[in-house]
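The values are calculated or read from the model by the stated rules, or taken from the named source; none is laboratory data. Being a predicted model, the structure only gives us computed values, none of them experimental. In this analysis, Cβ positions are derived from the backbone assuming ideal geometry, glycine residues included, and neighbour counts consider all displayed protein chains. Quick note on the areas: whole protein, heavy atoms, side chains included, nothing else; ligands and nucleic acids left out. Shrake-Rupley method; radii C 1.70, N 1.55, O 1.52, S 1.80 Å.
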Amino acid sequence: MRDPSLFDYACRLGDDSLILGQRLSEWCGHAPMLEVDLSFANVGLDLIGQATHFLKLAGGAEGAGRDEDKLAFHRDVLDFKNCLLVEQPNGDFAQTMARQFLFSNYQELLFRQLCSSANLTIVAIAAKAVKEVAYHVRLANEWMVRLGDGTAESHARTVEGLDWMWRFADELFEVDSTVESLIASGVACDVRKLRSEWDARITKVLRDATLDVPKARRVTKGGRVGHHSEHLGHLLTEMQFLQRAYPDSQW
Amino acid sequence: MSKNWPLWEVFVRVKNGLSHRHAGSVHAADAKMALEAARDTYTRRMEGVSLWVVPSASIIASDPGDASELFEPAVDKVYRHPTFYSIPENVKNI
Amino acid sequence: MYTTELKDKHAKTAAAISAPEDSARLEAFEARVAADDFIEPKDWMPEAYRKTLVRQISQHAHSEIVGMLPEGNWITRAPSLRRKAVLLAKVQDEGGHGLYLYAAAETLGTSREEMIDALHSGRAKYSTIFNYPTLTWADIGAIGWLVDGAAIMNQVPLQRTSYGPYARAMVRVCKEESFHQRQGYEITMVLAGGTPAQKRMAQDALNRWWWPSIMMFGPPDENSPNTAQSIRWRIKRETNDELRQKFIDVTVPQAEAIGLTIPDADLKWNEARGSYDYGAIDWEEFYAVVRGEGPVAKERMQARVKAWDEGAWVREAATAHAAKHETREAAE
C-alpha cells in the first residue's frame with residue numbers, strides 16, 4: 001500500500017545515514033593513525049547498513065518499484081532529504097569529529113525512541129542501530145574531550161570545527177507537516193522532545209572538553225525538503241557517477 | 001615526553017567459559033582509546049565478549065633462558081599427572 | 001613476497017653473521033626451526049634472522065597500508081550500496097592486517113614510528129603492485145581476484161613460518177582474506193557477463209593487472225640469493241617461481257570460466273609438466289617499479305606522508321590529554 005509520508009520519513013532517516021557514511025568513507029587511508037582509520041570505517045559501515053535498510057523501507061512505501069540502490073543513485077539533490085549537518089565537508093579531523101559528535105548524540109536519542117515506533121520495520125532497524133550508535137557516541141564524545149582539552153592547536157581547531165557545524169544543529173529538532181501525521185500515528189519520533197536531553201549531553205561533554213557552547217544563531221535548514229547546501233551536489237556527482245553513466249547495468 | 005602513543009597488548013575472550021587469549025597489540029594514547037582500538041581491530045567479526053588491554057610496559061615476562069629452571073622441574077613431577085596411577089578397569093568414575 | 005626480496009643497501013648476507021654470536025646457540029636455533037618449532041619474541045635469534053624478519057614483516061605491513069589507497073580510491077564511487085559496504089569492509093580489513101603485522105614487527109625491537117619513518121623516507125619498500133593506478137571500477141574486481149589471490153598463495157604457507165607472532169598474524173589474516181578474493185572475482189564476473197561496455201572494462205583491467213600480479217611473486221629464483229637461507233629459517237616456505245607457477249595454474253581456468261582472456265600470447269598448457277607455460281616477464285618494468293618509478297608511486301607516498309603529517313596535531317592532542325589526565329589522577 002502506497003504511503004507517501006512513510007516514504008518521505010524513511011528517506012530522511014536513510015539519507016542521513018547514507019550521506020554521513022559517504023563522508024566518513026572519504027577518510028579511508030588518510031586518518032591520523034591507522035587505528036583511527038579502522039574506527040571511521042567501522043562507523044561508516046554501520047551507517048551504510050542503516051541507510052540500506054531505511055531506503056529499502058522507503059522504496060516499499062513508495063510502491064513505484066524503486067529499490068534502495070535506485071533511490072541512492074538516481075535521485076537528484078531536490079529529492080534527497082538528509083539534514084544539512086551530514087553533508088558538510090570533512091575539513092580537518094576536528095571538523096569531522098564535531099559533526100559526528102552533534103549528529104551521533106542526536107541519532108542515539110532518536111533511535112531509542114524509534115524502538116517503540118508503530119512501524120515494525122523501523123523498530124527492527126532502530127533496535128540494532130541503537131547499539132551501533134551508542135559506540136559512535138562514545139567515540140565522538142571522547143575525541144571531543146581529547147581535542148578540546150589537548151593542545152592549544154587542537155583546542156583552536158575544535159572551536160572552529162564546532163562553529164562550522166553548529167549552524168546545522170537546530171534543523172535536527174524541527175518537525176514539519178509531513179512528520180506531524182506520522183508522529184500522531186506513532187510511526188515517527190517527535191524530535192522536538194529530544195532537544196533538552198541533547199542539549200544536556202552536549203553541554204556536559206563540551207564542558208569536559210573545556211569548550212564553550214557556541215552561541216545560538218539563526219537556523220539554517222532546508223535539507224528535509226531538498227534545499228541543500230552547495231556540498232551535496234558534488235557529493236552525489238561522485239557517488240552516483242557509475243550508475244548514471246551506465247544506466248541499465250548490473251553491478 | 002614522547003609524542004608517540006604507547007603500545008598496549010590486547011587479550012580477547014571469545015566466548016563465556018573460555019579464558020582471555022592474547023590477540024596482538026594496538027597503539028593508543030589512553031586506556032579508553034586502547035579498548036576501542038582493540039575492539040575495532042580484533043573483534044570486527046564479533047570474535048569477542050570481553051577485552052583486556054594492558055600497557056605493554058606493564059607486562060613482566062619470564063626469560064626464555066630461565067625456561068629450564070622455571071618449567072623443567074614440572075616435567076619430573078610425574079605424580080601430578082593422572083596417568084601415573086593405575087586404577088583397575090572395573091572401578092568407575094575415577 | 002611483499003618484500004620480493006628487494007635488496008636493500010644495508011642488508012647483510014647470510015655469511016656475515018658476526019663471530020661473537022654463540023655458535024652453539026645458533027645450532028640450537030637452527031635445530032628448533034628445522035623441527036618446526038616456533039621462535040618467540042624473547043628467544044635468542046641470529047641478528048640476520050631478526051633483521052630479515054623486521055624487514056619482511058614491516059614491508060608486508062606497509063603493503064597492506066599503501067594497498068588501502070588504490071581500492072580506497074573507489075569507495076565513494078562504488079556502484080551499489082552493497083558494493084560500497086563490502087569494499088569499505090575489505091579496505092578496513094587491510095588496515096587491520098597492517099596493524100597485526102606492525103604489532104608482530106614491534107615484538108622484534110622496532111617501533112611503529114621507526115617503521116613509518118622508513119616507509120616515508122623511501123628506505124623501506126612495499127609490494128610493487130600498489131604502485132599501479134585504479135582507473136575503473138573493473139580494477140577493483142581485478143585487484144581482489146588477482147592481487148589478493150596472489151597474496152593468499154603466499155600467506156597460507158606463512159601460517160607456519162618460524163616466528164610465532166608473524167605466524168599468528170598470518171593465521172588471522174588468512175581467515176579474513178578469503179572473502180577478499182571472492183569479492184573481486186564476483187565483481188569481475190558480473191562485469192564480464194554484463195553490457196559490452198562492462199565486458200570491455202573487465203578485459204581491460206585484466207590486461208593491465210595480469211603481468212604486475214605475477215611479478216608480485218618476486219624475481220626469478222636464480223636472481224633470489226637469499227631464498228635458500230629464508231627457506232631454511234622457515235621465513236619462506238616455497239620459492240618465488242614455485243608460487244608464481246601455482247598462481248598461474250589456478251587463475252587461468254578462473255579467467256576462462258568467465259570468458260576473459262589472459263593477455264599472454266605464449267600461455268599454453270603443458271601436458272608433460274601438468275602446468276601452464278607462460279610468456280617472458282618484463283623484469284625491466286619490475287626493477288623500475290622497485291626503484292620507485294612505478295606509475296603512481298609518487299601519489300601513494302604523497303598520500304601516506306600527508307595523512308601522517310597532517311595527523312600530527314591529532315596524535316599530539318591525544319598524548320597531551322592523556323598526560324593531563326594522569327597528572328590529575330595522581331594529584332587526587
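Whether any residue in region C:52-61 is closer than 26 Å to residue B:37 by Cβ, within 11 Å of chain A (Cβ to nearest Cβ), assigned to a helix (DSSP H, G or I) and under 17 Å from the mean Cα position of the chain (by Cα) is what I want to check.
Yes, the conditions are met somewhere in region C:52-61.
Would you check which residues across region A:183-218 are in contact with a Leu (Cβ under 7 Å, 6 or more places away or on another chain), over 19 Å from residue A:159 (Cβ atoms) and not small (Gly, Ala, Ser) and list them?
A:187, A:189, A:191, A:194, A:197, A:198
Pull up region C:233-265, narrow it to residues that are within 21 Å of residue C:188 (Cβ to Cβ) and small (Gly, Ala, Ser), then point me to the one that is surrounded by the most Cβ atoms within 10 Å (Cβ to Cβ).
Filtering first and then ranking leaves C:255.
Residues that are open to solvent by less than 20 Å² (accessible area, probe 1.4 Å) and either within 14 Å of chain C (Cβ to nearest Cβ) or without any contact (Cβ under 8 Å) to a residue 60 or more places away in the chain (or both): which helices (runs of 4 or more DSSP H) entirely in region A:25-136 hold 2 or more of them?
Because the criterion is at least 2 residues that are open to solvent by less than 20 Å² (accessible area, probe 1.4 Å) and either within 14 Å of chain C (Cβ to nearest Cβ) or without any contact (Cβ under 8 Å) to a residue 60 or more places away in the chain (or both), the helices (runs of 4 or more DSSP H) in region A:25-136 that meet it are A:34-62, A:68-74, A:93-114.
Looking only at region B:29-51, how many residues end up being at the interface with chain C (Cβ under 8 Å from one of its Cβ atoms) and not in a helix (DSSP H, G or I)?
Number of matching residues: 4.
How many of the residues in region B:1-28 are outside any loop (DSSP other than H, G, I, E, B), within 11 Å of chain C (Cβ to nearest Cβ) and loosely packed, with under 14 Cβ neighbours inside 10 Å?
1
Inspect all residues belonging to region C:277-293 and state whether any of them is acidic (Asp, Glu), in contact with a strand residue (DSSP E or B) (Cβ under 9 Å, 6 or more places away or on another chain) and either without any contact (Cβ under 8 Å) to a residue 12 or more places away in the chain or within 30 Å of residue A:98 (Cα to Cα) (or both).
yes
Of all helices (runs of 4 or more DSSP H) completely enclosed by region C:272-332, which ones contain at least 2 residues that are surrounded by 17 or more Cβ atoms within 10 Å (Cβ to Cβ) and more than 29 Å from the chain's Cα centre (by Cα)?
By residue number, C:312-331.
Within region C:134-144, is even one residue over 14 Å from the mean Cα position of the chain (by Cα), among the β-branched types (Val, Ile, Thr) and at the interface with chain A (Cβ under 10 Å from one of its Cβ atoms)?
Yes, region C:134-144 contains at least one residue that is over 14 Å from the mean Cα position of the chain (by Cα), among the β-branched types (Val, Ile, Thr) and at the interface with chain A (Cβ under 10 Å from one of its Cβ atoms).
Hey, any hits in region C:167-182 for a residue that's open to solvent by 10 Å² or more (accessible area, probe 1.4 Å), closer than 30 Å to residue C:288 by Cβ, among the acidic types (Asp, Glu) and in a helix (DSSP H, G or I)?
No, that holds for no residue.
Collect the residues in region C:40-54 that are of a type outside the set (A, V, I, L, M) and surrounded by fewer than 22 Cβ atoms within 10 Å (Cβ to Cβ), keeping them in residue-number order.
C:40, C:41, C:42, C:43, C:44, C:46, C:47, C:50, C:51 - these are the residues of region C:40-54 that are of a type outside the set (A, V, I, L, M) and surrounded by fewer than 22 Cβ atoms within 10 Å (Cβ to Cβ).
Could you tell me which of the residues A:217, A:244, A:207 is open to solvent by 70 Å² or more (accessible area, probe 1.4 Å) and modelled with pLDDT under 95?
A:217
What about residue A:16, is it acidic (Asp, Glu), in a helix (DSSP H, G or I) and either surrounded by fewer than 21 Cβ atoms within 10 Å (Cβ to Cβ) or within 14 Å of another protein chain (Cβ to nearest Cβ) (or both)?
No.
Per-residue answers, yes or no, for (1) assigned to a helix (DSSP H, G or I); (2) over 30 Å from residue C:78 (Cα atoms); (3) at pLDDT below 95; (4) away from chain C (no Cβ under 14 Å):
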position	(1), (2), (3), (4)
A:175	no, yes, no, yes
A:192	yes, yes, no, yes
A:203	yes, yes, no, yes
A:248	no, no, yes, no
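Considering each of C:303, C:317, C:307 in turn, give the residue that is in contact with a His (Cβ under 9 Å, 6 or more places away or on another chain), touching a residue at least 60 places away in the same chain (Cβ under 8 Å), within 14 Å of chain A (Cβ to nearest Cβ) and hydrophobic (A, V, I, L, M, F, W, C).
Matching residue, one of C:303, C:317, C:307: C:303.
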